[in-house]
1. Could you please let me know if residue B:536 is more than 11 Å from the chain's Cα centre (by Cα), closer than 22 Å to residue B:221 by Cβ and part of a strand (DSSP E or B)?
2. Exactly one of (1) under 27 Å from residue B:463 (Cβ atoms); (2) surrounded by 20 or more Cβ atoms within 10 Å (Cβ to Cβ) is unmet by residue B:330. Its number?
3. Filter segment B:576-610 down to the residues that are more than 11 Å from every other protein chain (Cβ to nearest Cβ) and either touching a helix residue (DSSP H, G or I) at 6+ places or on another chain (Cβ under 8 Å) or part of a loop (DSSP other than H, G, I, E, B) (or both) and list them by number.
4. Restricting to segment B:633-655, count the residues that are in a loop (DSSP other than H, G, I, E, B), more than 10 Å from every other protein chain (Cβ to nearest Cβ) and out of contact with any helix residue (DSSP H, G or I) (no Cβ under 9 Å at 6 or more places or on another chain).
5. Please state which one of A:8, A:28, A:13 is more than 30 Å from residue B:480 (Cα to Cα) and within 14 Å of chain B (Cβ to nearest Cβ).
6. In segment B:611-632, how many residues are assigned to a helix (DSSP H, G or I) and either out of contact with any strand residue (DSSP E or B) (no Cβ under 9 Å at 6 or more places or on another chain) or at pLDDT 60 or above (or both)?
7. If you check B:92, B:111, which single one turns out to be surrounded by 21 or more Cβ atoms within 10 Å (Cβ to Cβ), modelled with pLDDT of 85 or more and within 14 Å of another protein chain (Cβ to nearest Cβ)?
8. Condition test on residue A:92, is it away from chain B (no Cβ under 14 Å), in contact with a helix residue (DSSP H, G or I) (Cβ under 8 Å, 6 or more places away or on another chain), modelled with pLDDT under 85 and surrounded by fewer than 16 Cβ atoms within 10 Å (Cβ to Cβ)?
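The values are calculated or read from the model by the stated rules, or taken from the named source; none is laboratory data. Keep in mind that this is a model prediction, so the values were computed, not measured. Counting neighbours? That spans all protein chains shown, and the Cβs are built from the backbone with ideal geometry, glycine included.
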């Protein structure tokens, strides 16, 4: 009838010394015991609530007993869970395992560590309704997690997914993997796949993707072996950037200008290495000529860029050439050393040209500004004519230095003749600003 | 019987004496007719009575009757089903109690177990209580059961459903069910369509308390308006000038230099308030043009204070006015900033916390009878100056030296002899009140760091204590089922509010100090008049113990949060629930309205602070009544903490939200 069996009453009666309890009494007491227990629990729950807890403790039961003027039950305050054991020889008699404690042991044992004192700290849970991402706050669903789910959707295997998350999460982490060339190339391919997938909603994660791609485009060093074709990676990344700009440029107005600015920055800085320049140029070239006519870019800057572009296209040719021997016949160490030296000379020269080049460009810019032709298209013709002139000048200089270099190379490598003839081609290509066919030709 | 005979003979003698022959004759006849019937000699009657008592014993009739009624109800027409379903629950519990009352305990238990699942969803707590009823004496003893037995349940039902039910009961001859229904249910038959399924508040309210009394009480008049001449009003008032007397006083006190400064302040105030007025006008105008019939919500009416209110010093007034001018306007699009105070290393001992009006002081009441107060301004300094406060004893003088010479980051108030269940700061932060299981309330000074008064009056643990919005007065609530009003200068309570059927768990002042609201374990919230001590409203609708209350700053609405995580918004004037707010999954420990009443914040044991848009719901029903349910309050934002249940919330006068909670690992 009640949840408390009459046997329990009998056991309790025995435990307090009543041996001859009639079964009727036990039967009558059982429901009342249950009622009282429920009553105590009801009060204990109240005490729990007022202690702002959702877990009932023995303290609550004690307080509840207090409320009912019943003596609290001692001995249950310990935090350990109580263990009931079956009494030997009895079917349903249980007792609490109460271990004997050696008094001496307790006295001799070292004092437990004092608990830390209560303290209060404060933090911003929200600022104007937005939860700041600080360690004190519960972590909000990170966007990378959302991406993870999308990967799953994509059917990519788990082992591919993990490094991606690692790399894409922060640019620093990309930087950590910069010498792992195959991984980077794989990542770029993944990025392309992600971008090409129409079913993925990649836009929210563009800001996380872009730094990594740009890094692969203009990083100082990609991969740690010379045999690794980082140029290819740069080309790939450049195409990727261009495709992103093409696809999302109209949605995010500042995407393309920002990319352009980054690339220009990498490219106009003479302290940057050639591979960086190469990457920047590749990127700019992939973005197309319209980049430079973006209204956000100042006119004179555009001019600098345009001139520099031509010049640097030459440089890239030069880089190709420099690589050429290494690709054809892996050179010995001394050769590379000399080449490095040459390269540094060359760089000095290039900075010189850059310095010389800038003033006229600025002048032109101001002139055109005075002319009041703010519309890009109408002013196109004049810059082009100027540009020819400039290019010629630069080309001349470059070819001059290059001939010197060719002489230097002649001593080291066989294909000197080839190079000499190529310089002529190179000069022309400067003017037409189409280095690709030639490159493919000699590669 | 002998007495009766004596009276009869006396009357007969009297009539004889007076000579009323006809009357005498009549009386004789009557006496013959009403001669006592001999039960034992009349076989027919004995048989009838025997049969009757047997049928009473026939337990199966309850079981069968109920199960048949149940299956009939479930197979009834959809349109009327929900109305008929409402009848089932009272029939169920009364059948159960009838069985218990007649001593069929075993059968009662089986009956209960067979059918209680139907009602588990709606009435789980009632059922838990009733499950423990195992004998007649329990029925007598348990207040809940007694009130159920004594009061009839009101059920609104449409004509047709009522007809259906009666027809069924007559046809099936289920007299047991008919008896239960006749005895315990009071049908309010309405003509026309059956009521909608959504007004299920009825279903809940019909249990436990006498509804007639409640609705009677709820007809009383209340003045929910704000106090006359409040600071806010003064700020809004044109010109924002100080009242003449104050101005004169101020002029007497301050010199000419101050006067000019003051004027400039006034000028600023004037500018601000006129600007505000203009803005208000503009808003009104647009509202009118948009909706010609919708009137701009009227400003809260003004009422006179029933209590003598403490006088505020001018400096305090100035600082409050300053705060009011710098208040951030909150709305559904402009959410508040929340500063969260986390208690660390409490070892499960923190029972309550409280934050002062400006957020600079935080108090915690502990189960080891102590009250600890942290000065957050100092805490910031400590963090900057000494990071090694634990090891390095000679770091700063700011630390209060404890008795053992150990430096503490807080002020320790010791005096209680039982767990501290509640603490509250006075509006100016110079006093703290704490209530404890030792049945006392203690007043502490934060300036002197000492106990000033011990208020004794309650007979059982005091669950909650709250300062009035103006200070000086405070209200307390206790396990002894009363709430009491006190003033700081008297050790005896000024008023005792009795009426709740169970513990009074929380208490809250109305904005105008003329009323207090109390929430109880009997699942009702009551509103009491402070002056008369009368109960003026009963709010019925919660399904579990009420843990927190908050009053809207305009005095019109009240929010209450319960053990299940439900929050209810009440209209004080009508006593009706505006709308329930569902979202929390566990106990709502704390509620707070923003200063202009647009946002409600709730803190819960589910480790979240939720922000609710209160404007849409509370204003909309006024404008377009019964246009449907889309005007339900909506949750604006859920701010999750890092496993810290939120114990208390407080909006500062500038509308910065402070929250406090304890970092607990086992949540």
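1. Judged against the criteria, residue B:536 is a match.
2. Here residue B:330 meets the rest and fails (1).
3. Scanning segment B:576-610 gives B:576, B:577, B:578, B:579, B:582, B:583, B:584, B:594, B:595, B:596, B:597, B:598.
4. So the answer is 1.
5. A:28
6. Total meeting the criteria: 6.
7. B:111
8. yes
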